[in-house]
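Some notes on the structure that comes next.
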Amino acid sequence: MRRSALALCLLSLSALTGSAGAQNKPAEAKKELQEVQRDLKSADSRKSELDAQAETLEKELADLRARAIDAAAKQREQSDELARLETALEGLNRDETERLDRIETHRAALADLLGALQRLSRLPPEAMIASPQPPADTLKSALLLRAAVPELKERADALAAELKDLSSLREKLAAQRTKTEKAAASLAVRQKDLAALVARREEVSKTTDAERAQLTRQVATLAGRASDLKDLLEKLEAERQAAIARQKKEEAARRAAAEAAREKRARDQVAGLKRAPTPPQLGGMVAPVGGEVVIRYGQTDDVGAVSRGLTYRGRASAAVVAPADGAVMFAGPFKGYGLLLILEHANGYHSLLSGLGRIDAQVGQRVLGGEPVGVMSGSGTPTLYFELRRGGQPINPARGLAASDGKGQG
């Protein structure tokens with residue numbers, strides 16, 4: 001539209017120059033018209049420079065978006081791996097506790113048996129012979145003593161085996177802890193890299209917007225000056241209206257082509273990267289965050305209401321991604337939802353993501369499926385609520401995004 005407005009001004013004022021000369025308008029009008037024409041030419045030159053800068057920034061932005069999608073997928077993969085390692089570590093810790101309990105039981109029983117044998121060993125044979133107990137009882141004591149020796153060896157062997165197993169278990173536990181610590185450190189690096197990519201993406205977007213805003217202000221100023229020549233413009237109103245219609249049609253086609261080219265560049269960048277394993281899918285969409293689904297569509301939630309979406313339990317500071325291509329309609333706090341992000345998709349679909357710790361997207365921004373749009377809370381075990389709507393009505397996210405049925409955007 002800005003390019004159209006600039007072209008229209010040039011077209012109209014060029015025509016006005018000829019008309020003014022033909023009709024011999026006052027010298028003041030000619031002078032003013034020439035000044036506006038020079039300013040518009042200067043603005044057109046500046047616009048060419050800004051277009052070149054904007055093209056460069058658009059390419060960088062497409063590359064950043066592709067890298068951010070890739071980084072988010074790899075972060076999710078490492079987060080899942082860390083969760084598996086932590087679960088294994090908990091199992092090893094429980095195993096260690098159980099073995100220590102068994103060793104302590106064996107140790108106590110062995111100590112009791114050794115104590116009894118030590119007491120018997122202190123009695124000399126003469127004392128046992130002179131013992132007032134019947135010979136049969138003396139014989140039983142001797143038999144019990146002889147039977148206790150193999151049992152003592154058996155228990156000692158069992159204790160030695162348990163101690164050996166415990167030593168091996170502790171080695172595994174130490175190795176598992178080292179592996180878990182490395183995975184956690186790697187995940188932290190991934191989260192830092194992803195945050196840097198998102199920050200750079202926002203910086204590039206703001207730079208592009210600032211350049212375009214500057215051009216808009218320039219054209220608006222020139223258009224204001226040109227409006228002072230209303231008496232001349234009225235004579236060419238019919239021609240101007242026809243030119244506007246043509247320019248609008250051409251600009252709409254250019255915008256559509258440019259948008260398609262930008263989306264294709266972003267997708268080509270994504271396809272060209274060495275991608276992590278495909279993130280979990282949900283009805284053809286990308287799951288917005290890694291982790292366990294703790295409340296499903298149609299189940300009763302914590303307050304006794306029927307859930308109209310999915311609730312994920314994720315990892316602190318995990319990346320939250322767009323479930324599908326779309327545009328940001330709302331991004332910010334909303335009563336009862338915390339930080340809320342609403343994305344508009346094709347064919348009347350909208351997705352709602354609430355409970356984010358931070359939002360990394362702005363209203364009007366277009367995003368690709370799998371592109372980072374925020375992060376989970378940085379503490380505890382945060383949850384994310386995901387709801388999919390069509391025509392304003394919640395639907396089961398497992399159904400995914402169907403093709404158009406003529407309802408249009410909702």
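The values are calculated or read from the model by the stated rules, or taken from the named source; none is laboratory data. Keep in mind it's a predicted model, so treat the numbers as computed, not measured. Neighbour counts run over all protein chains shown; Cβ positions are idealised from the backbone, glycine included. The area values use the complete protein model at the heavy-atom level, side chains included, leaving out ligands, DNA and RNA. Shrake-Rupley method; radii C 1.70, N 1.55, O 1.52, S 1.80 Å.
Of the solvent-accessible surface of region 328-405, computed with a 1.4 Å probe over protein heavy atoms with every protein chain present, carbon and sulfur atoms account for 53 percent.
Counting only heavy atoms of the protein chains and using a 1.4 Å probe, Glu292 has close to 110 Å² of accessible surface. Between amide H atoms placed 1.01 Å from N, distances below 5 Å from Ile295 occur with Thr311, all of them 5 or more places distant or on a separate chain. If you sort Met376, Met329 by accessible surface, 1.4 Å probe, largest first, the order is Met329, Met376. Other residues whose C-beta falls under 9 angstrom from the C-beta of Leu169 contribute a net charge of -1, scoring Lys and Arg +1 and Asp and Glu -1. Assuming a ≥ b ≥ c are the square roots of the Cα gyration tensor eigenvalues, decide whether region 282-410 counts as rounded (a/c under 1.5), prolate (otherwise, with a/b larger than b/c) or oblate. Oblate.
Ordered by 1.4 Å accessible area with all protein chains kept, Tyr312, Tyr337, Tyr385 run largest first as Tyr337, Tyr385, Tyr312.
Take the Cβ atoms of Ala111 and Arg177, set R0 to 35 Å, and the FRET efficiency comes out at 0.60.
Phi angles of region 310-321 translate, via the Karplus equation with coefficients 6.51, -1.76, 1.60 and θ = phi - 60°, into HN-Hα couplings of 10, 10, 9, 9, x, 8, 4, 6, 5, 6, 10, 10 Hz per residue; Gly and Pro are given as x.
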